[in-house]
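The values are calculated or read from the model by the stated rules, or taken from the named source; none is laboratory data. It should be emphasised that the depicted structure is a prediction, and the values quoted were computed from it without experimental measurement. Note that each Cβ is placed from the backbone with ideal geometry, even for glycine, and that neighbours are counted across all protein chains shown.
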Amino acid sequence: MSKKANLKELVDFDELQSIQDSFAKTVGTSSVVFSPEGEPLTRFSNPTSFCSLIQTTEEGRRRCFQSFMEMSLKALELKEPNILYCFAHGGHFVAPIIINGEHKGTMFAGQFIPQKFSDEQLSEIRRIAEEINIDPELLAKETKGMRVVGEEEVWNYSSLLFQIVVLIARQGAQAAELNRAMNKLQKAHDELEMRVEERTAELTKSNEELKQSEEKYRGLVEDVSNTIQIWETDAKGVYTYVSPSTKWVYGYSPEKVIGKTLFDFMPGEEAKKIKKEFAKIAKQRKTFENLINPAKHRSGKILIMETSGTPVFDENNQFIGYRGTARDITERKKAENALREVQERLAVTLKSIGDGVIATDIEGRITVMNDTAQELTGWKIDEAMGQPSHEILNIVNEETRNPIDDPVVEVLHSGNVVGLGNHSVLIAKDGTEQAIADSGAPITAFDGTTIGVVLVFRDVTEKRKVEEERKALIEKLEENNRTLEERAKELEEAREATLNIAYDLDDARRVAEGATKELEELTQKLDKSNKDLQDFAYIVSHDLKAPVRKVAMFGELLTESLAGKLDENDQENFDFMIKGATRMQQLINDLLTYSRVQTKAKPMERVDLNEVVEDLGEVELAIPLEEAGGAIEVPEPLPCVYADPSQMHQLMQNLIGNGLKYHREGVPPVITIRGEQAGSMVRIEVQDNGIGIEEAYYEKVFGMFQRLHADDKGTGVGLAVCKSIVERHEGEIGVESMPGEGSMFWFTMPGEGRGERGDER
């Protein structure tokens, strides 16, 4: 009984190694063929550094090969290719090679992991490293180089691997059949003397079987794929054999291709370049893999080919040419380019979007994270990848401080879009907090199944701050409305007192009736103000200013007409009415000034602050300066600014007037103004020697209706107007002060150079 042939005796292993290397390079995994006894029959193709490190020690190699043996037996037991895992958690597609019912070997493709190693797996890897005499941290570090390939993707590539295994099996079967034929020939030779004539016929039959076996093998190779061309050339690159698939690849029959060169099917310039490169490779007798080159289809279409080749030597070890494969990867390259373009667009979108974006898989582990999310969470993107979302997104309720349910879990449970609530706070890695808003939504596959979750969130800290300030302003306006109502009530009481005093005077009666009508209109406007605070400025400008002015005017007329006819109490009531109306006029004017900072703004232009200060000293502030015995000093010429001229006039008038108004008793006020260029901005300082401000009130003084003194020198609106003007010009304003020694108000404005660049608001 003849000895059973092993796989090496049945298959051309140089060709098998070339096919194996091409497959491993194409799909991005490693590959190797093992014998049934657990010995590697081919070299490892494209191994990972993780697996290579394990095999550097004797114990590592033993356990590695033992794993291959166990996986081989398992796949053989299952009677079909399968995805199995080695002792170091590496994934492999395992396909037994069965020839004529006998297990001749096993092909492995893998050294991948379906997802990044978990902490438990990394601990296991470190333990394994100690057992096989390898530095645990070094092996743990190499896990980062493991290919992360989903099992579904491996199965997609497995069809090609299975074709290769079938090819090996069929080639082995044909070789076994050839061996049997050779055995028959040998037997026929031994019996030749006895049965020459009889065995001659049998020999002829055996030769025919051999020819058919070779043709079957050639046919098997030629039918592997209609997009893979198998070829052979001489040393100069002239085709000596091409598979029938050439017709699908290039559009030419094999007969039209044989006798031509590799370069005859390439565009001109590329043909010259590849020809030179091929000449260098052929001179060195080198194997080349995955050489990307363009090719011309018979129709004129340009293809993108991936060519691999192995040098071929004759029985005298003389180089005679190359044997290899050429794969049409045109569509794959188009898909890769399209995918790359989509990925680039997605990357740009995620980078430019102002919201934080995080995507997770079905298990809630992070798969996508943009720069904004990195900034908000404090976690670097590479640190967050693969982590559970609740580890990265620490979200609590702003009021209760209780943790908010993981939105990923909520989305996966409900399958719907969910919100993060109106009082959500994100606690970053360093402990800082930001108020956030927005929602999470499911990511669905083409069949409608949920495959993950996308979370979109934004920092709304400033928005909430503005909302709180808006609410505070509304409350302040409501308080002002109540004050105005009280003032109106006081005016009503004053009107009744006036009617009692001037009851018998026709003129007084007519004036009182007019005042009553004005008061009724004022009351209606105040009611409307309570209902719609947004129209407050309109009400003030059109419905309060004129009536209040008339009340003050009529009050003064009544005082003059009733001079000497009023007792002390009545005269005091009239004075109170007139003073209140005058105070109200001042408040309305200040509020209008504040509202017009934006609504009545004028275009920006070059403004000479020296002229502004000079005009104020000679006109608007001349009387206050004279009454207080004060002075305005400008030690050095002030720089020019690019601003709204009228608003700069208002700003400087308010700041200088503020220093004159709040001077120390018995100390003449001196206002010193300085300025300097600070980059593209100008910084102006207005220093006074007045009563000063305590540090606790530095911010408060710029708020609406903020008065630090109980006197009636101001309405609490002037500095708020200053702040609004400065902010409209994108500047800043502040104060530095020492109680009893004076205050220094400063602000910044765009320099005159801004106008030369065409900036205008």
Go through the range 267-296 residue by residue and tally those that are within 21 Å of P311 (Cβ to Cβ) and outside any helix (DSSP H, G or I).
-> 9
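Is it the case that F68 is at pLDDT below 85, touching a strand residue (DSSP E or B) at 6+ places or on another chain (Cβ under 7 Å) and outside any strand (DSSP E or B)? I'd like the intermediate steps shown before the answer.
On the way: at pLDDT below 85: no; touching a strand residue (DSSP E or B) at 6+ places or on another chain (Cβ under 7 Å): yes; outside any strand (DSSP E or B): yes.
Here the answer is no, as F68 does not meet what is asked.
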Among the residues of the range 354-366, count how many are exposed (fewer than 15 other Cβ atoms within 10 Å of the Cβ) and farther than 10 Å from V453 by Cα.
-> 1
Kindly indicate the residue of the range 717-730 that is buried (at least 21 other Cβ atoms within 10 Å of the Cβ) and part of a loop (DSSP other than H, G, I, E, B) and also modelled with the highest pLDDT among those meeting that condition.
-> H729
May I ask you to list the residues in the range 314-336 that are part of a loop (DSSP other than H, G, I, E, B) and polar (S, T, N, Q)?
-> N316, N317, Q318
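Does E37 meet the test of being out of contact with any Cys (no Cβ under 7 Å at 6 or more places or on another chain), assigned to a helix (DSSP H, G or I) and more than 24 Å from V149 (Cβ to Cβ)?
On the way: out of contact with any Cys (no Cβ under 7 Å at 6 or more places or on another chain): yes; assigned to a helix (DSSP H, G or I): no; more than 24 Å from V149 (Cβ to Cβ): yes.
No; evaluated as a whole, the condition is false for this residue.
Inspect all residues belonging to the range 665-685 and state whether any of them is part of a helix (DSSP H, G or I) and surrounded by fewer than 21 Cβ atoms within 10 Å (Cβ to Cβ). Break it down stepwise before answering.
Pass one, the range 665-685, residues part of a helix (DSSP H, G or I): none.
No: zero hits.
Report yes if F65 is assigned by TED's automatic domain parsing to the domain that holds P96 and out of contact with any helix residue (DSSP H, G or I) (no Cβ under 6 Å at 6 or more places or on another chain), otherwise no.
Answer is yes for this residue.
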Candidate set: the range 638-659, residues that are surrounded by 21 or more Cβ atoms within 10 Å (Cβ to Cβ) and either without any contact (Cβ under 8 Å) to a residue 60 or more places away in the chain or more than 22 Å from P603 (Cα to Cα) (or both); chosen: the one farthest from the chain's Cα centre (by Cα) = G659
Out of all the residues in the range 466-489, which are at pLDDT 80 or above and either outside the structural domain of Q524 (by TED's automatic domain parsing) or among the small types (G, A, S) (or both)?
-> A472
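Would it be correct to say that A95 is buried (at least 21 other Cβ atoms within 10 Å of the Cβ), assigned by TED's automatic domain parsing to the domain that holds E39 and part of a helix (DSSP H, G or I)?
Numbers: buried (at least 21 other Cβ atoms within 10 Å of the Cβ): yes; assigned by TED's automatic domain parsing to the domain that holds E39: yes; part of a helix (DSSP H, G or I): no.
In short, no.
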Check P311, P244 and return the single one that is in a loop (DSSP other than H, G, I, E, B) and more than 43 Å from the chain's Cα centre (by Cα).
-> P244
Being farther than 24 Å from T42 by Cβ, without any contact (Cβ under 8 Å) to a residue 60 or more places away in the chain, part of a helix (DSSP H, G or I) and of a type in the set (G, A, S), is that true of even one residue in the range 103-119?
-> no
Is it the case that some residue within the range 626-642 is over 27 Å from S737 (Cα atoms) and either at pLDDT 90 or above or part of a loop (DSSP other than H, G, I, E, B) (or both)?
-> yes
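Okay, residues lined up against (1) modelled with pLDDT under 70; (2) assigned to a helix (DSSP H, G or I):
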position: A437; (1), (2): no, no
position: G440; (1), (2): no, no
position: F446; (1), (2): yes, no
position: K463; (1), (2): no, yes
position: D504; (1), (2): yes, no
position: E520; (1), (2): no, yes
